Amino acid sequence: MRPVAIFRFSATSPPGRFGNWLTQQGIAWELVALDQGAAVPESTAAYSGIGMMGGPMSVNDKLPWVAPLCSLLRDAMTDGTPVIGHCLGGQLMAKALGARVWRMEQPEIGWMHVEVCDRDARREWFSGLPRFASFQWHHDAFDLPPMATRILAGGLAVNQGFVIDGRHVGFQCHIEMTREIALSWCQSDANELPARSTAHRQSAADLQSDLDARLAALGAVADGVYTRWAQGLTR
């Protein structure tokens, strides 16, 4: 099988659990480090799937890779090459398909519950779970792209996840979280965390409370999503 291309936009947002899961399943993957100047591939021909991670930038920033990557994503979703996007990656999927990505009045940061709002998705992607605690750290939100089915909802950013054609899935929340990533963000972006938690922004202490148990529960959800997504990988 051809490798999965994983697009990294920032060194602070590595493949995390997604990359770990692919490795554990014996699925080869190739890192496309846009943060280090890697070029966006001209086609999907060399890859069985496309994954995208998060990042601190906005898809509306004037970055040289935004337009070519959006073009590649449109091609992938047209030719059936499975795409999965985490946070910024989900926003890029939405933008590529013409949906609005916009700056929220306030960010969402911390552990927050999302609802699995589609019955078929609950069964196929989330092992029957009606809701789960997700990890949020974002300033932008997206409108639902054309032809997409909303599968997760909640919080200030109502659109937390969507599926297109049963194989392409985009998330606003971070299901790829690891302990290392969570702690590094708390350190590097400490200025974004309040001294006391609010409804949509947690303090560092609350964000890290019961961290291992929360990550284990979210990891089980992520593994189910990745298992379902990988069923569509092309040879």
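The values are calculated or read from the model by the stated rules, or taken from the named source; none is laboratory data. Predicted model only: the values in this text are computed from it and were never measured. For neighbour counting, all protein chains shown are included, and Cβ atoms are generated from backbone atoms with ideal geometry for every residue, glycine included.
The set of residues in the stretch 58-76 being surrounded by 15 or more Cβ atoms within 10 Å (Cβ to Cβ), farther than 24 Å from residue 230 by Cβ and out of contact with any Leu (no Cβ under 6 Å at 6 or more places or on another chain) consists of 58, 66.
Here's the yes/no breakdown for (1) under 18 Å from residue 220 (Cβ atoms); (2) surrounded by 15 or more Cβ atoms within 10 Å (Cβ to Cβ); (3) not β-branched (Val, Ile, Thr):
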{"site": "112", "(1), (2), (3)": "yes, yes, yes"}
{"site": "123", "(1), (2), (3)": "yes, no, yes"}
{"site": "131", "(1), (2), (3)": "yes, yes, yes"}
{"site": "147", "(1), (2), (3)": "no, no, yes"}
{"site": "198", "(1), (2), (3)": "no, no, no"}
{"site": "202", "(1), (2), (3)": "no, yes, yes"}
{"site": "206", "(1), (2), (3)": "no, yes, yes"}
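On inspection, residue 189 does not qualify as of a type in the set (D, E, K, R), surrounded by fewer than 17 Cβ atoms within 10 Å (Cβ to Cβ) and on the phi > 0 side of the Ramachandran plot.
Of the residues that make up the stretch 77-88, is at least one surrounded by fewer than 24 Cβ atoms within 10 Å (Cβ to Cβ), assigned to a strand (DSSP E or B), modelled with pLDDT of 95 or more and over 15 Å from the mean Cα position of the chain (by Cα)? Looking for residues that are surrounded by fewer than 24 Cβ atoms within 10 Å (Cβ to Cβ), assigned to a strand (DSSP E or B), modelled with pLDDT of 95 or more and over 15 Å from the mean Cα position of the chain (by Cα), one finds none in the stretch 77-88, hence no.
When the stretch 197-219 is filtered for residues that are of a type in the set (A, V, I, L, M) and free of Cβ contacts under 8 Å to residues at least 12 places away in the same chain, the ones remaining, listed by number, are 199, 205, 213, 216. Against the list (1) within 20 Å of residue 140 (Cα to Cα); (2) in contact with a helix residue (DSSP H, G or I) (Cβ under 6 Å, 6 or more places away or on another chain); (3) assigned to a helix (DSSP H, G or I), the condition residue 54 fails is (3).
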